[in-house]
Amino acid sequence: MALLMEGLKEALLLLFRFDREVYGIIGLSIGLSFTSTIFSAIIGIPLGLYLGIKPFRFKKTFTRTIYTMMSLPPVVIGLLVALFLSRSGPLGSLGLIFTPTAMVIAQMILITPIILGIVYNDAKQQGPAIKQIGMTLGAGRLQTLKLLITEMRITLLIALVTGFGRATSEVGAVMIVGGNIKGHTRVMTTYIAMNSSMGNYAVAISMGIVLLLISFMVNTILYHYVTGE
Amino acid sequence: MNIQVTNLIKKYQDKTVVDMNSIGFLSGNIYGVTGDNGAGKTTLLKILAGLESHDLGNIVYNDQPLGPSLMKKITYLSQTPYLMRSSVYENIIYPLKIRNVDSKIIERKAFEIMEELQVAELRDQLATQLSGGESQKVALARALVFDPEVLLLDEPTASIDPATIEIIEEAIKKRNKLQNMTIIMISHNIDQVKRMCDEIIYMKKGKRI
């Protein structure tokens, strides 16, 4: 309990001391998570909508595969991405290992199936009825797509929030592909892990509290936007 | 709009669900389609609405095959209609909005149909929170507001109280007379079919009997 209180005190100090390094870490964390969420959404949302509505062979197998991919082990993904991007790897010439770009790639691989899975699942259930309504009321293809997005807006935002949450809380993969380099690839989660291993629990807890606060703020904003409450 | 169906066959895998030699639906008439469950009534209606494809045969609407412009003149109302996550009013005006109808005309037409189906007091209520009967009236209002030439109804009054059934039947008959609308209605209620329809089509195992 004393550690938690100390952590809370430290969190406030961290925030109000306006420490450049700390704000750099927070900014990088948010920036990377935001970027990977946007790119994953660009892939996952249209694909989820399309596959959810479209009848195709092996749909049940596809569903099971997507659900499995939603729980991909981050460390394994980190390792695979690192192997591909390392100097001796097939994509080594791009020089992406230990860069924020590599971290975005790892995060994208982890959260695209989550966004895709959430959207796909709802589109599979609701999509045909919405599409039918569009068609029977005289909507064209684009109007039907717009109707689908409007009707599924809550699901789409849930998918985005979940993806963003997973990206910000991710530690294993970004640690491997980013390397936790100070001022370059150090993010909140790797900062927490590093300080925890060094025994700086108060600092680790304080950054954890900041992470929770950011997550709470993002959820509050999106909840307000979706429900109007 | 006149609809002519010739040698229509629809199969699900190897099972024939609709097998119609020849059947015509004339403009301004109300047709009742009845028969046991699994007789192919809903499939027939969905094929006519362009929601399902058919394997063989020909369907023409005023001597033309079904295309995007004709689809805009046909509407289909299911037994459990989907209402959008918005107000009753927004649901009702949706077909007019996507047709870029003038806002004053939208207001007038919505008011008329809401009065006719007695849903005016529900105007600002969230459509997804309505009772079964209210939902069906709102869905019918939405289907009628853009004056379709063909109205396809799949058990529109199933599990609905008698007072609501009367309102729905009146609205259907009124529109049929006023706009010369072709109406094809599936119903298990023989009394209702006799009461409302000009012609009754009995179906069994996909065929007209």
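What the table shows:
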item: Segment B:178-193, residues that are touching a residue at least 12 places away in the same chain (Cβ under 8 Å) and assigned to a helix (DSSP H, G or I); result: B:GLN179, B:ILE190, B:GLN192, B:VAL193
item: Number of the condition not met by B:ASN100 [criteria: (1) within 14 Å of another protein chain (Cβ to nearest Cβ); (2) buried (at least 17 other Cβ atoms within 10 Å of the Cβ); (3) not aliphatic (A, V, I, L, M)]; result: (2)
item: Hits in segment A:127-146 - residues which are at the interface with chain B (Cβ under 7 Å from one of its Cβ atoms) and either touching a strand residue (DSSP E or B) at 6+ places or on another chain (Cβ under 6 Å) or closer than 19 Å to B:GLN79 by Cβ (or both); result: A:ALA129, A:ILE130, A:GLN132, A:ILE133, A:MET135, A:THR136, A:LEU137
item: Filter result (part of a helix (DSSP H, G or I), under 20 Å from A:LYS146 (Cβ atoms) and either free of Cβ contacts under 8 Å to residues at least 12 places away in the same chain or within 11 Å of chain A (Cβ to nearest Cβ) (or both)) within segment B:70-92; result: B:MET71, B:GLU90, B:ASN91, B:ILE92
item: Residue that is farthest from B:ASP102 (Cα to Cα) [pool: residues in segment B:133-150 that are outside any helix (DSSP H, G or I) and of a type outside the set (D, E, K, R)]; result: B:VAL150
item: Residue match in segment B:129-145 (condition: within 12 Å of chain A (Cβ to nearest Cβ), farther than 27 Å from A:ILE154 by Cβ and out of contact with any Phe, Trp or Tyr (no Cβ under 8 Å at 6 or more places or on another chain)); result: yes
item: Qualifying residue in segment A:143-157 (condition: closer than 28 Å to A:GLY24 by Cα and either modelled with pLDDT under 85 or touching a helix residue (DSSP H, G or I) at 6+ places or on another chain (Cβ under 8 Å) (or both)); result: yes
item: Count - residues of segment A:174-192 that are more than 11 Å from A:MET103 (Cα to Cα) and surrounded by 18 or more Cβ atoms within 10 Å (Cβ to Cβ); result: 5
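The values are calculated or read from the model by the stated rules, or taken from the named source; none is laboratory data. Just so it is clear, the model here is predicted, and its values are computed rather than measured. Note that we place each Cβ from the backbone using ideal geometry, even for glycine, and neighbour counts take in every protein chain shown.
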